[in-house]
Amino acid sequence: MKNIYVVLSLIIFIFLSFYSLYAIANIIKALYRVYIKEYDELERKVVFDSLIITALVIIGVHLIQFILGLTMPYSQFEPIISAGSHSVFLFTNDSIAHIESVFFDFIILSLTYTVMRYKYGLINIKQVLKPMVIICIISTLSSMSLLF
């Protein structure tokens, strides 16, 4: 049973690592298009609304981790999202998984941006799911190659 947990955790964190790279490229492309005024008003509104919603989500997540860190002893609480380590995604048998906060921020921003674009009809469901399915397949294959 523990091996299944390790495999699933590995798949999830490899997926998040690949998705964070996709998210960084996606956000840089969107911000560049806003900067050069290639987007119309609706697309700009989606970008700015995504930035606002992402800021609120990130503040909420970090506030929850802060409160948990204050109320629980250090030996019982290890933050999942933290900054300043030498490893982006760390998974060992002794500790829980860790996500670098800058990559978490990009993931949340990209997911929010994608949902907002879908909400306003700028993309369809195939355009939402296609990158995620491709990244999921790549992460599953790469995690299986690490295990065997």
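The dipole here belongs to the chain: it is taken about the Cα centre, uses +1 on the Cβ of Lys and Arg and -1 on the Cβ of Asp and Glu, and is about 440 debye. The convex hull built on the alpha-carbon positions of the chain has an orientation-averaged projected area of 10.7 nm². For the chain, a Gaussian network of Cα nodes joined below 10 Å ranks Phe66, Phe18, Phe48 by mean-square fluctuation, and the top entry is Phe66.
Coordinate-derived values only; no laboratory data. Source: prediction; values computed, not measured. Glycine also receives a Cβ, built like all others from the backbone with ideal geometry; neighbour counts cover every protein chain displayed.
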